[in-house]
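Okay, structure first, notes after.
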Amino acid sequence: MTLPPRTRPPFTADERTQLVGWLDLQRAIIHYKCEGLSEEDAHRPLLPSSPLLTMAGVVSHLRWVENTWFEVLFLGGPAEGPRFVDEPEDADMRVKGVPLAQLLDEYARQCAVSNEIIAAHSLDEAGRHPDFRSGAASLRWMLIHMIEETSRHAGHMDTVRELLDGQKGYY
């Protein structure tokens with residue numbers, strides 16, 4: 001799989017270009033942080049109090065967060081997948097036995113779907129899911145939230161990766 005480019009959006013672009021550009025940069029950093037990891041390291045927990053916080057677990061979590069915000073809450077689609085099962089809140093991070101390459105491919109495909117949704121709607125348009133309070137947020141709010149969410153987890157991955165094998169670097 002070709003890694004997505006790690007480029008910042010233009011300094012003077014319109015709002016949508018900048019928001020999607022910053023989100024795409026953070027998504028690319030997620031892929032970058034996983035580059036060259038062994039399967040063993042991708043699934044290795046390092047924090048005793050957070051055994052599901054693995055590189056693979058974070059990638060899966062971010063895939064399902066993209067689905068939740070853009071397909072479920074914004075478009076009003078069915079609340080399916082590990083984020084909506086009657087299990088612990090972190091069910092989307094339970095990826096034992098799932099190859100990292102598969103998780104990264106699924107994440108990339110989900111991000112492409114999210115970008116199609118974003119491109120087809122006004123930033124002022126509100127979400128449609130009637131069963132979740134967050135569904136009332138505007139697409140702009142959801143985009144800003146996804147930048148925050150993805151960036152926060154990219155920071156977690158910075159730390160985990162350095163603890164795994166000493167690799168560090170912003171992008």
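The values are calculated or read from the model by the stated rules, or taken from the named source; none is laboratory data. Note that the structure is a prediction, hence the values are computed from the model and not measured. All Cβ positions, glycine included, derive from the backbone under ideal geometry; neighbour counts span all protein chains shown.
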I'd like the full set of residues that are without any contact (Cβ under 8 Å) to a residue 40 or more places away in the chain, among the small types (G, A, S) and over 17 Å from Y107 (Cα atoms), limited to the range 38-76. S38, S49, S50
Whichever residue in the range 1-42 is of a type in the set (F, W, Y) and either closer than 23 Å to I118 by Cα or exposed (fewer than 11 other Cβ atoms within 10 Å of the Cβ) (or both) and, among such residues, is modelled with the lowest pLDDT: F11
Residue in the range 159-169 that is surrounded by fewer than 16 Cβ atoms within 10 Å (Cβ to Cβ), of a type in the set (A, V, I, L, M, F, W, C) and either closer than 20 Å to L53 by Cα or in contact (Cβ under 8 Å) with a residue 12 or more places away in the chain (or both) present: yes
For the range 56-112: of the residues being buried (at least 21 other Cβ atoms within 10 Å of the Cβ) and over 22 Å from M157 (Cα atoms), which is nearest to the chain's Cα centre (by Cα)? F70
Checking the condition aliphatic (A, V, I, L, M), in contact with a Gly (Cβ under 9 Å, 6 or more places away or on another chain) and outside any helix (DSSP H, G or I), which residue from V95, V72 passes? V95
